[in-house]
Amino acid sequence: MWIEQRETGLARAGGVALPRNLLLQSLPFEELERLSPLLHKVPLISRRVLQHAGLPIEHVVFIEEGLVSVLAKVDESSAVEVGLIGRDGAVGAIVALGADRAAFSHFVQIGGSALRVGVDDLARVLPEMPHLREALHLSLHRALTQSAQVAACSLKHSFEQRLACWLLTAHDRCDMTHLPITQDLLARSLGVRRPTVSEAFKQLAQRGVFAKARGRIRILDRAGLERIACRCYRVMCRQGDAVKQSKLGGKTLIALSLIFALSEIELAVQ
């Protein structure tokens, strides 16, 4: 039986800590017990690059607290966000498909903590851990469909809708009512000018859905924020639920990911 440990946010059974990361929590005890000695707790430092695009992947990082932006480079000096990873996912999960280099940069938006495992250690145990392999594949499926939806959203919907969608997604993935997010970071991540973010913040604050103070956003009316957000947020929530329920194998799952992603883009731009 798992026993809660309030001071760390972890739990234990037979000497094995139950991580806060949802992918790891989904593993059967036998796999978690085998993986646990290979996991090392590390801090996530805000505004640091966790993984650079094009460089070898040395670790798979399971987020426990905090928020990581997935950034796609658009020119020599700027990049835009194509996804968010919280404690529902892992940075570097693409190694489960045989990749050894990161396609995108991963930037820590909100600091916290994580558990990481070296890719060599993971490669050694993964063939005998089918549930972990499936969890990583499902994480990639969710990330792919999310990035496709984000692309469609940026083409079709207003920035106020996009911002509401982003705040809801961030709230879901990091379990924080107070989000330590600055307007400058949001502007760079979402590919807009800072005044655009400031005006959208002003409009949303006037509606009473959140309050802003000292570099933090406090969500006051989540239901109201959901009404403002575009349908992309609900689509991504349904995609996440479908992924959790799926029992498809890895190759079939990734193939269907592409189909679903393209379908959602087509629906969004109609």
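A straight chain from Q206 to E128 at 0.36 nm per residue would run longer than the Cα-Cα distance by 22.7 nm. Here the gap between D120 and D172, fully extended at 0.36 nm per residue and compared with their Cα-Cα distance, gives a gain of 15.6 nm. A Förster radius of 30 Å combined with the Cβ-Cβ distance from R34 to A103 puts the calculated FRET efficiency at roughly 0.55. The H on the amide N of A79, modeled in the peptide plane, is under 5 Å from the matching H of V74, each at least 5 residues off or on a different chain. Scanning residues 5 or more positions from S105 or on other chains, those with amide H under 5 Å from its amide H are A53, L71, K73, with H placed 1.01 Å from N in the peptide plane. Using the empirical formula 2.2 N^0.38 Å as the baseline, the Cα radius of gyration of segment 158-229 reaches a ratio of 0.97. When the chymotrypsin sites (Phe, Trp or Tyr not before Pro) in segment 131-217 are filtered for DSSP coil states and for at most 10 other beta-carbon atoms within 10 Å of their beta-carbon, no site remains. Expressed in Å, the radius of gyration and Dmax of the Cα atoms of segment 69-181 are 15.4, 47.
All other residues whose Cβ lies under 13 angstrom from that of L132 are scored, Lys and Arg at +1 and Asp and Glu at -1, for a net of -3. Relative contact order, whole percent, for segment 158-229 stands at 42, derived from Cα pairs under 8 Å and 6 or more residues apart. For C237 and R193, the difference between the fully extended length at 0.36 nm per residue and the C-alpha to C-alpha distance is 13.1 nm. One quarter of the convex hull surface built on the alpha carbon atoms of segment 189-235 amounts to 3.9 nm², the projected area averaged over directions.
Every number here is computed from the coordinates shown, using simple stated rules; none is lab data. Please read all numbers here as calculations on a predicted model, not as lab measurements. When we count neighbours, we look across all protein chains shown, and the Cβ atoms used for this are built from the backbone with ideal geometry, even at glycine.
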